[in-house]
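Step one of this worksheet: look at the structure below.
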Amino acid sequence: MNFGLSQEQQALRDHVKALLDKVCPLDYVASCDEQGTAPREAFNALAEHGWLGLIAPQEYGGANASVTDLAVLLEETGFHFEELGLWLYRSYTLGCYAILKNGTEEQKRFFVPKTVKGEFSYAFSLTEPDSGSDAAALRTRADPDGDDFIINGRKQFSSGFDISEYAIVALRTNHTEKKQKGISTFLVDTKLSGIEVRRIPTLGQRAIGTTEVTFTNVRVPKTALLGEIDKGWSICEDTLRYERLCLSAARIGAARCAFEFTLEYAKNRLQFGKPIGSFQVIQHKFADMKVSLDTAQTMVLRYAWLMEQGQADKSDTAVLKYLVGESYKSISDTCLQILGGYGYCMEYPIQRFFRDSRLATIGGGTSEIQKNIIAASLGLKS
């Protein structure tokens, strides 16, 4: 088990860094955040250079790279702009992984090449107004009607739905005693008649954003079904496991960026006649952050290795999600404190890390839910 990067992985990181240094500088990131616009130019540049095909098989135009390779790419992307990493991960998780694992041959040949080229991007619609942490309690329905299904209901926090061509939507297709058994997943064209999308104003993550989606008699063909009818919950859980690796990699990249920016600031910011980094109270803050950052980075690589070995279980996923989310939140908060008043100013980037990091312990499964999962894996049940 080797958590160091190979020469090929270091070259991958260097190439992505060189590209993003050009197409995703700090002023571009600030503009996307302030205006609430997606970093489409950077997304397209990555697609044009073939990076969206990283994990896709060669027969679909991809590079057939490893999970660790993906973690390396997303960490570097997250370092430049976390939200760009979060947009990319949906292409890998939904447009490649989920479809390649669960789709029909026709679905694979239609969606995956377009994902690799950047022609399609994706959203994941699971959460509803009354089903957040209890995700399987969803009620938005897909009812059969001849060769189609008719969708009715409402989804909440469908991030990127308004900038995506397709969404994987989890829908109720059957009512059973065990709610997870009556769920199916569908590949839904986001521009279909009957879909109404509302952007939700949020504290952070404003470039990609999140949405409320209302489905009113939306007709989709039966060929839109991803996987087997009534067996979509296992697809949702599997997708979330892959998602949490991608989220964690991008977020630890963002935490590293906040750390490095603040470190440079502390070496140059003078108070009482010397750099603030010379004061022990500041040095200890950096020491704590360094330990947290290195631990989280190692956990991302460990989890990627476990996935490659087919050994990553639900508790491993929860440990990763909890550790990285809390580390990112803590590091961004400490960085803001070190910058003091400047950290509180919108013209400095640390406020963006502070705002964006709050989602890391909420979205995709709260820290409290991750603790429940970890405790249950130890035999501690309520």
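The values are calculated or read from the model by the stated rules, or taken from the named source; none is laboratory data. This one's a predicted model, so the numbers in the text were calculated from it and none came from an experiment. Counting neighbours? That spans all protein chains shown, and the Cβs are built from the backbone with ideal geometry, glycine included.
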Q) So which of Ile374, Ile338, Ile369 ends up being among the aliphatic types (A, V, I, L, M), under 22 Å from Gly253 (Cβ atoms) and in a helix (DSSP H, G or I)? A) Ile338
Q) Quick one: is Ala318 part of a helix (DSSP H, G or I), more than 16 Å from the chain's Cα centre (by Cα) and farther than 30 Å from Tyr28 by Cα? A) no
(Q) Quick check on my filter: what residues within region 242-254 are under 14 Å from Ile350 (Cα atoms) and either polar (S, T, N, Q) or touching a Leu at 6+ places or on another chain (Cβ under 6 Å) (or both)? (A) none
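Kindly indicate whether Ala71 is among the hydrophobic types (A, V, I, L, M, F, W, C) and either surrounded by fewer than 22 Cβ atoms within 10 Å (Cβ to Cβ) or outside any helix (DSSP H, G or I) (or both). Steps first, answer last, please.
Numbers: among the hydrophobic types (A, V, I, L, M, F, W, C): yes; either surrounded by fewer than 22 Cβ atoms within 10 Å (Cβ to Cβ) or outside any helix (DSSP H, G or I) (or both): no.
Spelling it out, it is not the case that Ala71 is among the hydrophobic types (A, V, I, L, M, F, W, C) and either surrounded by fewer than 22 Cβ atoms within 10 Å (Cβ to Cβ) or outside any helix (DSSP H, G or I) (or both).
Considering only region 75-86, I want to know if a residue exists there that is assigned to a loop (DSSP other than H, G, I, E, B) and either touching a helix residue (DSSP H, G or I) at 6+ places or on another chain (Cβ under 8 Å) or within 21 Å of Phe354 (Cβ to Cβ) (or both). Reasoning before the result, please.
The first filter runs over region 75-86 and keeps only residues assigned to a loop (DSSP other than H, G, I, E, B), leaving 81.
Of the ones still in play, those that are also either touching a helix residue (DSSP H, G or I) at 6+ places or on another chain (Cβ under 8 Å) or within 21 Å of Phe354 (Cβ to Cβ) (or both) are 81.
Yes, that holds for at least one residue.
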Q) If you take the residues in region 28-87 that are among the polar types (S, T, N, Q) and within 29 Å of Phe110 (Cα to Cα), which one is nearest to the chain's Cα centre (by Cα)? A) Thr77
Q. Identify, please: which residue in region 13-27 is within 20 Å of the chain's Cα centre (by Cα) and crowded, with 16+ Cβ neighbours inside 10 Å and is, among those, nearest to Leu301 (Cα to Cα)?
A. Arg13
Q) Checking Ile331 against (1) of a type outside the set (Gly, Ala, Ser); (2) surrounded by fewer than 21 Cβ atoms within 10 Å (Cβ to Cβ); (3) part of a helix (DSSP H, G or I), which test does it fail? A) (2)
Q) Only one of (1) of a type in the set (Gly, Ala, Ser); (2) surrounded by 21 or more Cβ atoms within 10 Å (Cβ to Cβ); (3) more than 17 Å from the chain's Cα centre (by Cα) is not met by Gly341, so which one is it? A) (2)
Q: Determine the pairs where a residue that is touching a residue at least 40 places away in the same chain (Cβ under 8 Å), located within region 241-259, has a partner that is surrounded by fewer than 24 Cβ atoms within 10 Å (Cβ to Cβ) and not in a helix (DSSP H, G or I) with Cβ atoms under 7 Å apart, the partner being 6 or more residues away or on another chain.
A: Arg241/Ala312; Glu243/Gly364; Arg244/Gly364; Leu247/Gly364
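For the structure I just gave you, tell me whether Val16 is outside the structural domain of Thr210 (by TED's automatic domain parsing), part of a helix (DSSP H, G or I) and in contact with a Pro (Cβ under 9 Å, 6 or more places away or on another chain). Full working, then the answer.
Numbers: outside the structural domain of Thr210 (by TED's automatic domain parsing): yes; part of a helix (DSSP H, G or I): yes; in contact with a Pro (Cβ under 9 Å, 6 or more places away or on another chain): no.
Taking the combined requirement at face value, the residue does not satisfy it.
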**Q.** region 177-202, residues that are in contact with an Asp or Glu (Cβ under 8 Å, 6 or more places away or on another chain) and either polar (S, T, N, Q) or assigned to a strand (DSSP E or B) (or both)
**A.** Ile183, Ser184, Asp189, Thr190, Val197, Arg198, Arg199, Ile200
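Listed here are the residues, each with its yes/no results for (1) in contact with a Lys or Arg (Cβ under 9 Å, 6 or more places away or on another chain); (2) assigned by TED's automatic domain parsing to the domain that holds Glu308; (3) at pLDDT 95 or above.
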site: Tyr97; (1), (2), (3): no, no, yes
site: Ser133; (1), (2), (3): no, no, no
site: Thr140; (1), (2), (3): yes, no, yes
site: Ile151; (1), (2), (3): yes, no, yes
site: Ser158; (1), (2), (3): no, no, yes
